[in-house]
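Each value in this text was obtained by applying a stated rule to the coordinates, not by laboratory testing. Since the model is a prediction, treat every value here as computed from it, not as a measurement. Here the Cβ positions follow ideal geometry from the backbone for every residue, glycine too, while neighbour counts run over all protein chains shown.
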Amino acid sequence: GAVVSQHPSRVICKSGTSVKIECRSLDFQATTMFWYRQFPKKSLMLMATSNEGSKATYEQGVEKDKFLINHASLTLSTLTVTSAHPEDSSFYICSARVVQETQYFGPGTRLLVL
Amino acid sequence: DAKTTQPPSMDCAEGRAANLPCNHSTISGNEYVYWYRQIHSQGPQYIIHGLKNNETNEMASLIITEDRKSSTLILPHATLRDTAVYYCIVASSNTGKLIFGQGTTLQVKP
């Protein structure tokens, strides 16, 4: 299957700071990328859909000003958690797909906000 | 909300076939059935997907009923490394949005 990477794999930050997470499709050009978050012992929750060159579409209840998504190229999308607080601590996972093709997931980024 | 119903947990003996059921009675004509699995602390791994015909790949087989209201994922010879949470998802290939339910935790035992 196709390979999707995320960086960093884990990050610890202080409350009030911003954190950027990168998602890259390594061997294909992704027209669409998705961002999910997952709390312990819970399922994945879709946060937003990101199409290259256009604004992300956020799911209901997800604050777009808090979770900034940029999809500047066909191989890179970034998620910035702004003014992070302890309740933002979670496992953030991205996925990528080509139009109407299978969606592949990254390994995830574990964020801990102190 | 997820459009599928799966048992919360299942056990399987190592070397035996694991049959994971999924109900999706409200599936639309243009929606596919996707199966992913998630091993602890990792991103989901794609397994297989299908529209109406049965599918098989190197990982698993997918059996979809004729009315498409349910399906079964078959791991032919389960190993301890197949222990994971298995998610059955119905989604349109147009939007690509995957809405995850709670999945089935498969425990493969020696």
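The local environment of B:ALA91, defined by Cβ-Cβ distances under 12 Å, has a net charge of +2 under the rule Lys, Arg +1 and Asp, Glu -1.
The mean number of partner chain beta-carbon atoms within 10 angstrom of a residue's beta-carbon across peptide B:95-106 is 4.
Where in segment B:8-110 are there trypsin sites (Lys or Arg not before Pro) that are in a DSSP coil and have at most 15 other Cβ atoms within 10 angstrom of their Cβ? Spell out each step's value before the answer.
Working: sites: B:ARG16, B:ARG37, B:LYS52, B:ARG68, B:LYS69, B:ARG81, B:LYS97; in loops: B:ARG16, B:LYS52, B:ARG68, B:LYS69, B:LYS97.
For trypsin sites (Lys or Arg not before Pro) across segment B:8-110 that sit outside H, G, I, E and B with at most 15 neighbouring Cβ atoms in 10 Å, the list reads B:ARG16, B:LYS52, B:LYS69, B:LYS97.
Measuring nothing but how far apart in sequence close Cα pairs (under 8 Å, 6+ apart) lie, relative to its length, segment B:1-104 scores a relative contact order of 37 percent. Share of pairwise Cα-Cα distances greater than 26 Å in the protein assembly as shown is 37 percent (whole percent).
Note down the net charge around A:VAL81, summing +1 for each Lys or Arg and -1 for each Asp or Glu among other residues with Cβ under 15 Å from its Cβ.
Numbers: positive: A:ARG10, A:LYS14, A:LYS20, A:ARG37, A:LYS64, A:LYS66, A:ARG110; negative: A:GLU22, A:GLU63, A:ASP65, A:GLU87, A:ASP88.
Neighbour charge sum, excluding A:VAL81 itself: +2.
What the pair-distance distribution of segment A:1-99 shows, using all Cα-Cα distances binned every 10 Å from zero, is 16, 50, 30, 4 percent. Efficiency by 1/(1 + (r/R0)^6): what FRET value for B:ILE74 and A:LEU26, r their Cβ-Cβ distance, R0 = 30 Å, to the nearest 0.05? Computed FRET efficiency for B:ILE74 and A:LEU26: 0.50. Going from the fewest other Cβ atoms within 10 Å to the most, the residues A:PHE39, A:PHE91 appear in the order A:PHE39, A:PHE91. Looking at segment B:4-110, which GluC sites (Glu not before Pro) are DSSP coil and have at most 15 other C-beta atoms within 10 Å of their C-beta? Here the sparse-neighbourhood loop sites are B:GLU14, B:GLU58, B:GLU66. Put simply, the Cα atoms of chain B extend 40, 29, 23 Å along their principal axes, the longest span coming first.
Kirkwood-based Rg over Rh for segment B:1-52 (C-alpha set), two decimals? All intermediate terms of the calculation are to be shown ahead of the outcome.
Details: Rg = 13.0 Å, Rh = 13.2 Å.
Using Cα coordinates only, the ratio equals 0.99.
Based on alpha-carbon centroids, what's the gap between segment A:18-63 and segment B:1-48 in Å, whole number please? Their Cα centres are 22 Å away from one another.
Taking every alpha-carbon pair under 8 Å whose residues sit at least 6 apart, chain A reaches a relative contact order of 38 percent. The share of Cα pairs per 5 Å bin across segment A:56-114, counted from zero up to the longest distance, runs 4, 15, 22, 28, 19, 9, 3, 1 percent. Segment B:55-71 and segment A:69-114 have Cα centres spaced 30 Å apart.
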